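The values are calculated or read from the model by the stated rules, or taken from the named source; none is laboratory data. Quantities reported herein were computed from a predicted structural model and do not represent experimental measurements. Don't worry about glycine lacking a Cβ; one is built from the backbone with ideal geometry, like all the others, and counts go over all protein chains shown. We work out accessible area using only protein heavy atoms, side chains counted, and drop any ligands, DNA or RNA first. Shrake-Rupley method; radii C 1.70, N 1.55, O 1.52, S 1.80 Å.
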Amino acid sequence: MPDLRIITWNSKGESQQKATELQNEINAINALYAATPVDLILIQEAKNAANGDIYTALTPPAPAHITEMPNGQRAGYIAKVCHPATTLVSRPLQLLDYDTDSEFGDWKKKAIPRTLRLINTQAKNMRPPASFDFTHQGASIRLITWHAPLERPLVMEGYTMAGGACLDAFLFLDNSSLIEDTSSFDLVVIAGDLNAKSNALEEDYGGYVPLDDFEGESNHLDHIIAYRPKGGQITFHEARATASSSDHKIFSCRIHW
């Protein structure tokens, strides 16, 4: 049975102190769990360019880096594969492009419940998720990391999410190819700052429950959640949240399936 240990952290920028904090946490986890060390490290709100202190500390080999916004502005995502010889990336880190996504386009053409009609169509451009695909311990995995956008005017009619996230953006992700086109994968994982508390992901918003197929671990606004498109049990172990100089803790857990 495969295991996947993930660290996710909204670092709120990069500095030498934050790079040291992250490395200390990696070392601590690997010392505690030598048989199942850290496999993936995901950073949100990293520096816009791929030259910050955290990025530099995670080389070599260089981690993947991409800006959080389609226009290349603002902050960045970092995705580090810790064991590239055995965790083989088949599709590199990239932002979801809703304008060319066939599943999202098909969904927009469908009639949706009256309560969901008032949605902010600009939410797709606020901060789309990033993703990459890989094989790990014989399993095919899709990893989605996301710094979910906060609520804006004209969100889904009458609903707000605890934590402040834009509900429309979750609705869009759920109806995109990142979630819909996953029948060939053994595991789909979402890890990042969803700007939503765990109870916000359990609410029914007029017939819509965000990411309803997923389960996992949460620490305030940060989450590591997963589901198996082909069915089967998932367990989550050794969840850990360590204080940092960011206002987000460095959050990690091991997924076993």
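Listed values, structure above:
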item	result
Per-peptide average of other Cβ atoms within 10 Å, ordering 190-198, 232-240 highest first	190-198, 232-240
Carbon + sulfur, % of accessible area of region 185-257 - ligands and nucleic acids excluded, 1.4 Å	36 percent
Accessible surface, per residue, of region 150-257 when the full set of protein chains is kept, probe 1.4 Å, Å²	40 Å²
Choice from 16, 94, 44 with maximal GNM fluctuation in the chain (Cα, 10 Å cutoff)	16
Three-way shape label, region 164-257, alpha-carbon gyration tensor, a/c 1.5	oblate
Phi-based couplings in Hz for region 74-84 (Karplus 6.51, -1.76, 1.60; Gly and Pro marked x)	6, 8, x, 9, 10, 10, 10, 8, 6, 10, x
Under 5 Å, built H, 5+ apart or other chain: amide partners of residue 150	166
Computed magnitude of the charge dipole of the chain (debye, nearest 20; Cβ of K, R +1, Cβ of D, E -1)	300 debye
Check: region 1-119 dipole with +1 on Lys, Arg Cβ and -1 on Asp, Glu Cβ, in debye	440 debye
Relative contact order (%) - criterion: Cα under 8 Å, at least six apart; region: region 1-152	22 percent
